[in-house]
Amino acid sequence: MSTESVAVHNQNAPLFAERYRLFSSNPHYNAFLYGRKCLFNWLWPFLGKRLPRGAKILEVGSGTGFLLALLQEKGYQVVGLEPAERMREIAQLNSNGQIPIVAGTVTAIPFEANSFDAVIAMEVFRYLPDEEIIAGYRECWRALRPGGHLIVTLVNFWALDGFYLYQKVSQLSAYLLRRPAPVYCNFVTPGSITTLFEKQFGTQNVTCYGTMLPFLRPVYMLSRQLGEFLARRTERLDQLFSGRQWFNPVASHLVVVIKK
């Protein structure tokens with residue numbers, strides 16, 4: 001993660017903590033929370049079928065520790081890795097110091113090789129500059145045990161929510177108005193990430209899953225209440241479409257699983 005991205009996440013740590021506080025009472029409240037709910041709807045069945053209780057999981061970019069706490073509740077041994085100091089402080093406070101959360105980045109994971117049954121990087125690689133992406137994947141791969149799963153979330157280039165276009169317009173507006181540029185975002189396609197792992201790691205054990213119906217993000221931007229209304233009524237449809245080959249490239253979130 002770039003220094004700029006770490007600084008932004010450090011500054012926004014209280015905002016993330018507040019967002020996750022709302023999750024337990026209303027996960028449909030906004031696009032951020034509902035996007036997380038869609039990811040979790042996919043994640044729990046996936047882990048339940050593949051990892052026994054007691055399996056060791058590393059979350060890279062663990063933020064305020066929200067996912068770590070949920071994983072621990074489900075019986076997994078969890079460790080967090082987070083570069084932003086304020087995020088780590090909030091995570092330690094939330095867990096009463098019961099979950100180990102260490103300082104570090106995905107490009108220099110401070111654990112021995114073959115240490116974890118799963119490595120999860122949620123919304124991490126999207127912030128990495130191109131030259132750090134391969135290094136980050138290599139570190140995750142090194143920390144993963146044979147037979148383990150690397151689970152990452154990425155941003156779809158062709159997502160029908162128009163986020164790529166929104167990002168480009170934001171960059172242009174910032175340039176013309178001489179304002180700070182938006183935080184960098186890396187875009188991929190299911191085909192490009194599959195090819196990357198085939199070339200770099202010689203594996204074809206790459207599976208993509210799309211989550212979150214793409215029309216919801218723009219609706220949330222127009223009206224939070226309407227977005228919440230539609231999200232509640234289309235959630236089962238989202239779960240039905242997740243993992244369908246035609247849906248993966250256009251969904252708002254792309255989840256990629258690589259088995260070592």
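Yes or no, residue by residue, for (1) open to solvent by less than 20 Å² (accessible area, probe 1.4 Å); (2) free of Cβ contacts under 8 Å to residues at least 24 places away in the same chain:
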residue: PRO146; (1), (2): no, no
residue: THR153; (1), (2): yes, no
residue: TYR166; (1), (2): no, yes
residue: SER173; (1), (2): no, yes
residue: ALA181; (1), (2): no, yes
residue: PHE187; (1), (2): no, no
residue: THR195; (1), (2): no, yes
residue: THR203; (1), (2): yes, no
residue: PRO218; (1), (2): no, no
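Per the listing ARG142, ARG126, ARG138, the residue uniquely over 17 Å from the mean Cα position of the chain (by Cα), in contact (Cβ under 8 Å) with a residue 60 or more places away in the chain and either surrounded by fewer than 21 Cβ atoms within 10 Å (Cβ to Cβ) or closer than 25 Å to ASN10 by Cβ (or both) is ARG138. When the test is whether a residue is in contact with a helix residue (DSSP H, G or I) (Cβ under 7 Å, 6 or more places away or on another chain), buried (at least 20 other Cβ atoms within 10 Å of the Cβ), within 24 Å of ARG145 (Cβ to Cβ) and among the aliphatic types (A, V, I, L, M), ILE90 does not pass it.
Matching residues to (1) at pLDDT 95 or above; (2) of a type in the set (S, T, N, Q); (3) more than 18 Å from the chain's Cα centre (by Cα); (4) in a strand (DSSP E or B):
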| site | (1), (2), (3), (4) |
| --- | --- |
| THR105 | no, yes, no, no |
| LEU150 | yes, no, no, yes |
| THR153 | yes, yes, no, yes |
| LEU165 | no, no, yes, no |
| VAL169 | no, no, yes, no |
| VAL183 | no, no, no, no |
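Listed by first and then second residue, the pairs linking a residue in the range 1-25 that is under 17 Å from LEU128 (Cβ atoms) and touching a residue at least 12 places away in the same chain (Cβ under 8 Å) to a residue that is among the β-branched types (Val, Ile, Thr) and open to solvent by less than 30 Å² (accessible area, probe 1.4 Å), with Cβ atoms under 9 Å apart and 6 or more places separating them unless they lie on different chains, are MET1/VAL106; MET1/VAL124. In the range 225-247, the residues that are at pLDDT below 95 form no Cβ pair under 9 Å with any partner that is assigned to a helix (DSSP H, G or I) and hydroxyl-bearing (Ser, Thr, Tyr), whether six or more places apart or across chains.
One line per residue, one yes/no per condition, for (1) of a type in the set (Gly, Ala, Ser); (2) more than 30 Å from ASP117 (Cα to Cα); (3) assigned to a strand (DSSP E or B):
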{"position": "ALA174", "(1), (2), (3)": "yes, yes, no"}
{"position": "CYS208", "(1), (2), (3)": "no, no, yes"}
{"position": "ARG233", "(1), (2), (3)": "no, yes, no"}
{"position": "ASP238", "(1), (2), (3)": "no, no, no"}
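Return yes or no: is LYS49 over 16 Å from the mean Cα position of the chain (by Cα) and not in a loop (DSSP other than H, G, I, E, B)?
yes
The residue list GLU59, GLU73, GLU82 contains one member that is out of contact with any helix residue (DSSP H, G or I) (no Cβ under 9 Å at 6 or more places or on another chain) and acidic (Asp, Glu), which is GLU73.
The values are calculated or read from the model by the stated rules, or taken from the named source; none is laboratory data. All of these numbers come straight from a predicted model, not from anything done at the bench. A quick note on method: Cβ atoms are made from the backbone with ideal geometry, for glycine too, and the neighbour counts reach across all protein chains shown. Side chains included, ligands, DNA and RNA excluded: accessible areas come from the protein's heavy atoms. Shrake-Rupley method; radii C 1.70, N 1.55, O 1.52, S 1.80 Å.
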